[in-house]
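Bear in mind these aren't lab numbers, they're just calculated from the coordinates by the rules spelled out. All figures in this text were calculated on a predicted structure; none of them were measured in a lab. Ideal geometry is used to build each Cβ from the backbone, glycine not excepted, and the neighbour counts take in all protein chains shown.
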Amino acid sequence: MKEEMERLIDLQQIDSEIAGFDKAIAKCEDELAKREQSIEQKQEKLATLQAKIERLSEKQKENQEEHEQATARVKDRQNKMLLVQTSREHQALLKEIEENKKLAKDTEERALQFIEQLEQLEVEAKGLNNQCKGEQDLLKKEQQSSAKEIKRLATAKKSIEGERAAKVAAVQPNYIQRYTKLIARRSGLAVVAVQDSICLGCHMTLPPQQVNEVMKGDKLNICPTCQRILYFREEEDAQEESLVE
Ligand SMILES: [Zn+2]
């Protein structure tokens, strides 16, 4: 029984390691995904900003045309003034000149506002573009290092999976069945230590009689609360392990 227990403990250790590799791989992938997402968000913002710049430039052009037309009309009406004969025509031209002068002045003021707004947006867009480029460069590097790391983890996982197969083959099938069920139902932890009369799987105190049985290790001991397989751990071992963690 003791040997069988040793194998189960080893198997649990192997499975915990495999779970650790899976977690590390997922973390690598997750970090890359987060970086990609951050870049995408910035790119979307940049696209919105560029569309805004385009619309504003369009308006700026229209305003410029309006300004030029108004200025041309002022000139044209002023020339006509030299030729008019009636005071009614004179008055009408004066009115038009005044209106167009005002329009020319308004559009000139607006032109300054457009320049200012566009400058601001372009500075913002340039900054955002630089950020995107910087993050993309960083992402490329991270992708390369992550790919290496994932490959390393996958290789380590594969080699330990080979070990696992050998271990599984050495354990009695009915124990493996129980073990496999527990792994699935108890978040990957099927074999746990008893320390200071406590099950380290569910942290409940075990009856003294059962603690004695676990210490003896003559039979398969099951935690009455979480149903995990129990083994006894010496105090020294426990301390060493907690130092490693
Ligand atoms: Zn328990």
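Binning at 10 Å from 0, report for the stretch 138-189 what percent of all alpha-carbon pair distances ends up in each bin.
Reading upward from the zero bin: 21, 30, 25, 17, 7, 0.
Can you give the Rg to Rh ratio for the chain, taking only C-alpha atoms and Rh from Kirkwood?
That ratio equals 1.54.
Cα-based count: Lys pairs in the stretch 45-147 below 24 Å, eight or more positions apart or different chains?
So the count of such lysine pairs works out to 29.
Within the chain, which cysteines find no other Cys whose Cβ is under 4.7 angstrom from their own?
CYS28, CYS132
With r as the distance between the Cβ atoms of ILE198 and LYS140 and R0 = 51 Å, compute the FRET efficiency 1/(1 + (r/R0)^6) and round to 0.05.
Efficiency, from the Cβ-Cβ distance: 0.55.
Suppose R0 equals 30 Å; then what is the FRET efficiency for GLU163 and MET215 from their Cβ-Cβ distance, rounded to the nearest 0.05?
For R0 = 30 Å, the calculated efficiency reads 0.60.
Could you tell me the calculated FRET efficiency between LYS151 and SER38, based on Cβ-Cβ distance and R0 = 35 angstrom, to the nearest 0.05?
Working from the Cβ atoms, E equals 0.90.
Separation between the LYS101 and LYS27 pseudo-spin-labels, each 7 Å from Cα along Cα→Cβ, expressed in nm?
For LYS101 paired with LYS27, the spin-label model returns 7.6 nm.
In whole Å, what are the Cα extents of the stretch 124-229 along the three principal axes, biggest one first?
Largest to smallest, the principal-axis extents are 73, 33, 21 Å.
Roughly what % of Cα-Cα distances in the stretch 83-160 sit above 19 Å, to the whole percent?
Result: 71 percent of Cα pairs exceed 19 Å.
Semi-axes of the stretch 173-244's equivalent ellipsoid from the Cα gyration tensor, sqrt of 5 times each eigenvalue, largest first, rounded to whole Å?
The three semi-axes for the stretch 173-244 are 19, 15, 12 Å.
Please compute the net charge surrounding LYS27, taking Lys and Arg as +1 and Asp and Glu as -1 over other residues with Cβ under 11 Å from its Cβ.
That works out to -3.
If I model a spin label as a point 7 Å beyond the Cα along the Cα-Cβ vector, how far apart are those points for ASP76 and LYS133 in nm?
Here the modelled spin labels are 4.7 nm apart.
For LYS181, give me every one of the lysines with a C-alpha distance below 28 angstrom, ignoring sequence neighbours fewer than eight places off in its own chain.
Straight-distance partners of LYS181: LYS2, LYS23, LYS27, LYS157, LYS158, LYS167, LYS216, LYS219.
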